[in-house]
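Structure first, commentary second.
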Amino acid sequence: MKKFINRQPSRLTAVLLGLLPFALFLLLYLSASGARLAENPDDRLLPAFSTMAEAFERMAFEPNRRTGEYLLWTDTRASLQRLGIGVGLAALIGLVFGVATGTVPYIRATLSPLVTGLSLVPPMALLPILFIAFGLEELAKVMLILIGITPFIIRDLQARALEIPDEQIIKLQTLGANTWQIIVRLSLPQLMPRLISAVRLSLGPAWLFLIAAEAIAATEGLGYRIFLVRRYLSMDVILPYVVWITLLAFLMDLALRRFSTWRYPWFHAQQR
Amino acid sequence: MTMPIIELKNVWKEYGKEVVLERLNVRVEEGEFVTIVGASGCGKTTFLKMLLGTEQASRGDLLLDGAAMPAEPDGARGIVFQRYSVMPHLTAERNVMLAGELSANRFLGRAFGARRRALREEAQTMLARVGLGEAGDKYPHELSGGMQQRLALAQALIKKPRILLLDEPFGALDPGIRRDMHDLVLSLWRSQKLTVFMITHDLEEGFYLGTRLWVFDKARLDVQAPGAYGARITYDLAVGECPPMLPSLSAQLADTARVLSG
Ligand SMILES: Nc1ncnc2c1ncn2[C@@H]1O[C@H](COP(=O)(O)OP(=O)(O)OP(=O)(O)O)[C@@H](O)[C@H]1O
Ligand SMILES: [Mg+2]
């Protein structure tokens, strides 16, 4: 018998083992919900799956009586648009500054302390300022995401740029490269997969900032909706929305990971 | 008398209190093939780095064509490092095309159209010469250590630098490929009028390849404080003209190595 640490589950076993906690959790929910509903059929705290399915269907496939909109899709579009613009801009700014500070000592000396300082400001504390400065419209929400995750991306990319071996930077110079060419032919391409992993890591905080901003001031959006229906204790809407948000986050992460392994095979080979 | 391409006038190299190299006085003419041997840790790589421009002499003058050596690497001096130094994000072919692409466009560092096709053909020829003809579209991580080293050599040679610096380039290669690499380096050295500095741990290789063999060694050696004195060029042999002194040289180097590693 091999030592436990050297024993690998087969593929099927691994999948089954991975599903086990989910199944247990569902079972737990079902029994708790069933018990509460048996006591009080109007209980709202742990709705039955059928109630949640009805609520989800209502949100997703029936036009709203007042506005005629399909709420789930309106909310999803609004949220994804904010998230996309915020994270996209953050990635772009992060890449430009991260590469610049990580590659050129003079730029690093100038900007690195500023970035470090900014990254220590709690973004949520800036939210009131953003609402005052940019109004309650889209811009404030996008700005919160931007301010929340950009310093992290810059600092991460700077650190990664500093990890590029000196040998390669010297080598490129002996092949005739000037400073700009070192950036576009060495730093930038080597940092692209790093950018993707930095963005993947900041998706969690980005969702957090998005939902927080939507909860406070919005007229549509996934975060707005769950905080709105909270007033009516509509767990039957909140829980499916949470699952939906989680699914969206998971799919984004998966897409980024797939893209990265497909586009940058050399990077993922090094990681192993 | 012609102007030497490299001249050292009383050059010292110190790291803090530790003297690595001391009192180097030597001239190298264009087209010489200098092989360098010496105990591990005696300063061979440091010497190469000074020629490369990434390390500066602490005292004395290091001259290139009679003027001070530029204090940064440039296209005139090519290098193959001890460790693999190819770009991991480029395929073998793109690695070899890199020098040409960089000179094709100052801003993008890329070539297009006919220029690109020409560079690609040139790269293919060079890859074939180092025995990587079939590996053009492989990434470095898909190549063995020896193959990566040959790729690094191809990448440096295609630039046709005036001075080529090689830091134990063939250490990881098996004897057959090693001989092919010797032939390659010698033929390129002859056809391109290169000046080569090559570090090796293999004395025989040093004798075979070089026109001139240097032995770096600590002439004065304090067993209590190995860092007190630096290494010098203790033998400067015009290879081929002197009777081989392999056995006695090996014995001396082994003595220094024992002290440095102890
Ligand atoms: N950046 C540095 N700072 C301080 N000491 C250094 C530095 N680089 C090298 N040294 C010292 O200089 C000495 C010579 O190092 P070097 O790498 O030149 O040796 P070498 O002859 O190339 O050895 P090997 O054959 O093992 O490659 C060593 O004692 C090393 O500790
Ligand atoms: Mg060395």
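The values are calculated or read from the model by the stated rules, or taken from the named source; none is laboratory data. Here the structure is a predicted model, which is why all the values come from computation and not from measurement. Cβ sites come from the backbone with ideal geometry, for glycine too, and all protein chains shown count toward neighbours. Surface accessibility is based on the protein's heavy atoms, side chains included, excluding ligands, DNA and RNA. Shrake-Rupley method; radii C 1.70, N 1.55, O 1.52, S 1.80 Å.
At full extension, A:Phe259 and A:Ala35 could sit 76.1 nm farther apart than now, given 0.36 nm per residue minus the alpha carbon distance.
Per-residue Karplus couplings for segment B:85-95, computed as 6.51 cos²θ - 1.76 cosθ + 1.60 with θ equal to phi - 60°, are listed in order as 10, 8, 7, x, 8, 10, 5, 3, 4, 5, 4 Hz, Gly and Pro entered as x.
FRET efficiency for the pair B:Met3 and A:Met192, taken as 1/(1 + (r/R0)^6) with r the Cβ-Cβ distance and R0 = 51 Å, rounds to 0.65. Stokes-Einstein diffusion coefficient for the protein assembly as shown at 25 °C in a medium of 0.890 mPa s, Rh from the Kirkwood formula over Cα pairs: what value in µm²/s? Answer, rounded: 86 µm²/s. Taking chain A as a Gaussian network of alpha-carbon nodes connected by springs under 10 Å, the highest mean-square fluctuation of the residues A:Leu24, A:Leu247, A:Leu130 belongs to A:Leu24.
Across segment A:241-253, coupling constants 3J(HN,Hα) worked out from phi with the 6.51/-1.76/1.60 Karplus curve, θ = phi - 60°, read 4, 4, 4, 4, 4, 4, 4, 4, 4, 4, 5, 4, 4 Hz, and Gly and Pro carry x. Under a 5 Å amide H cut-off, with hydrogens placed 1.01 Å from N, B:Tyr235 pairs with B:Val215 among residues at least 5 apart or on other chains. Rounded to the nearest 10 degrees, the angle from helix B:246-261 to the longest Cα principal axis of chain B is 80 degrees.
For A:Ser50 and A:Thr179, a Förster radius of 60 Å and the Cβ-Cβ distance give a FRET efficiency of 0.40, rounded to the nearest 0.05.
Counting only protein heavy atoms and a 1.4 Å probe, the protein assembly as shown has 51 square angstrom of accessible area per residue.
In the Gaussian network model of chain B, springs joining C-alpha atoms below 10 Å, which of B:Thr35, B:Thr91, B:Thr195 carries the largest mean-square fluctuation? Result for chain B, Cα springs under 10 Å: B:Thr91 fluctuates most.
Per residue of peptide A:258-270, the mean number of Cβ atoms on other chains within 10 Å of the residue Cβ is 2.
Adding -39500 (n - 2.57) for every DSSP H run of four residues or longer, then dividing by how many residues the protein assembly as shown holds, sets the calculated 222 nm ellipticity at -19000 deg cm²/dmol. Modelled label positions at A:Glu57 and A:Ala125, each set 7 Å beyond Cα in the direction of Cβ, lie 5.0 nm from each other.
Whole-Hz Karplus values for segment B:41-52 come out as x, 8, x, 5, 5, 4, 4, 4, 5, 5, 5, 6 Hz, taken residue by residue from phi with 6.51 cos²θ - 1.76 cosθ + 1.60 and θ = phi - 60°; glycine and proline positions read x.
I want to check a number: in the protein assembly as shown, how many lysine pairs have alpha carbons closer than 13 Å, given a sequence separation of 8 or more or different chains? The result is 6. Taking label points 7 Å from Cα along the Cα-to-Cβ direction, A:His268 and A:Phe25 give a separation of 2.5 nm.
Residue by residue along B:107-117, Cβ atoms of other protein chains within 10 Å of the local Cβ number 2 on average.
In this simple spin-label model, placing a label point 7 Å from the Cα along the Cα-to-Cβ direction at both B:Asp61 and A:Asn6 gives a separation of 6.6 nm. For segment B:14-114, chymotrypsin sites (Phe, Trp or Tyr not before Pro) meeting the loop criterion (DSSP other than H, G, I, E, B) and having at most 14 other Cβ atoms within 10 Å: B:Phe107, B:Phe112.
Taking beta carbons within 10 Å but only from partner chains, what does the mean come to for residues B:78-90?
6
Charged side chains reduced to their Cβ positions (Lys and Arg at +1, Asp and Glu at -1) give chain B a dipole of some 640 debye around its Cα centre.
What trypsin sites (Lys or Arg not before Pro) does segment A:169-270 have in DSSP loop regions with at most 14 other beta carbons within 10 Å?
Those that pass, being in a loop and sparsely packed, number zero.
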